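Okay, structure first, notes after.
The values are calculated or read from the model by the stated rules, or taken from the named source; none is laboratory data. Quantities reported herein were computed from a predicted structural model and do not represent experimental measurements. Here the Cβ positions follow ideal geometry from the backbone for every residue, glycine too, while neighbour counts run over all protein chains shown. Only protein heavy atoms, including side chains, enter the accessible area calculation; ligands, DNA and RNA are left aside. Shrake-Rupley method; radii C 1.70, N 1.55, O 1.52, S 1.80 Å.
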Amino acid sequence: MSKAVYQLFIVFVVFSGVIYLLLMIGPDQPVSAPGERDITIPRAPADAKRMTNPFPLSDQVLLEGERIYQTKGTCFTCHGTTGRGDGPAGIELNPRPRNFTNPTFHELRTDGELFWVIRNGSPGSQMFSYSPSVITEEEAWKVIHYLRTFPTGGEKRAAG
């Protein structure tokens, strides 16, 4: 393994560990059974609904979104590798991270709302702003396309 790849791997591991620790020592949560927050309540302001994804759906965009979700974006740390909200850092959070395998959630939320949460965090949860501090806005839009594949187990790919 080259020195640069090894160094990048070490930075990634350390960064993931720091995120995990920050999530674990976050603000005190009320004592209650952990569960996902009500999916019917929007977390983004109404004007976020009108934002549209600037990237057309394609296999390439989905592959890039998956790569970002599973690596640089560290989304898997809380949301899990399959998007169920069962990542190693997410298990202890209250409320639990969003379960992206729920098709009803995707029916209720627009790409613009998801982008707003990635950019601004989700009030009342441990989800903090990931863009532009961790991933770029362009990468966030690609991740959103990838999130939309979770209800079908990643089977949804672009036509064509």
Relative contact order for the chain, counting Cα pairs under 8 Å that sit 6 or more residues apart, in percent: 28
Determine which residues of the range 55-93 fall in the zone a paramagnetic label at residue 152 would reach in this model, i.e. backbone nitrogen under 17 Å from the point 7 Å along Cα→Cβ. 56-66, 83
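I'd like the projected area of the range 85-132, averaged over all directions, using the convex hull of its alpha carbons. Report it in nm² with one decimal. Provide the component values of the computation, followed by the final result.
Numbers: hull surface 14.5 nm².
For the Cα atoms of the range 85-132, the hull's average projected area reads 3.6 nm².
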Can you give the calculated 222 nm mean residue ellipticity of the chain, where each DSSP H run of n ≥ 4 adds -39,500 (n - 2.57) and the sum is split over every residue, rounded to the nearest 500 deg cm²/dmol? -12000 deg cm²/dmol
Could you list which residues have their amide H under 5 Å from that of residue 36, counting only those 5 or more apart in sequence or on another chain, with H placed in the peptide plane? 96
What helices does the chain hold that run 18 Å or longer along their axis, going by alpha-carbon atoms, with a Kyte-Doolittle average of -1.0 or more, using DSSP H for the helix calls? 3-24
Sort 61, 13 by heavy-atom solvent-accessible area, probe 1.4 angstrom, most to least. 13, 61
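Hey, with R₀ at 25 Å, roughly what FRET efficiency would residue 138 and residue 11 work out to, going by the Cβ-Cβ distance, to 0.05?
Values: r = 21 Å, r/R0 = 0.86.
It comes to 0.70.
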So how much accessible area does residue 14 have, in Å² to the nearest 10, using a 1.4 Å probe? 90
Under-24-angstrom lysine pairs by C-alpha in the chain, whenever the two are 8 or more apart or on separate chains: 6
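Can you tell me the FRET efficiency between residue 70 and residue 128 if r is taken as the Cβ-Cβ distance and R0 is 22 Å, rounded to the nearest 0.05? Write down the numbers at each step before the final one.
Working: r = 19 Å, r/R0 = 0.87.
Rounded to the nearest 0.05, the efficiency is 0.70.
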Let me make sure I get this right: for the chain, a, b and c are the square roots of the gyration tensor eigenvalues over alpha carbons, sorted descending. Under 1.5 in a/c it's rounded, otherwise prolate if a/b > b/c, else oblate. Which is it? oblate
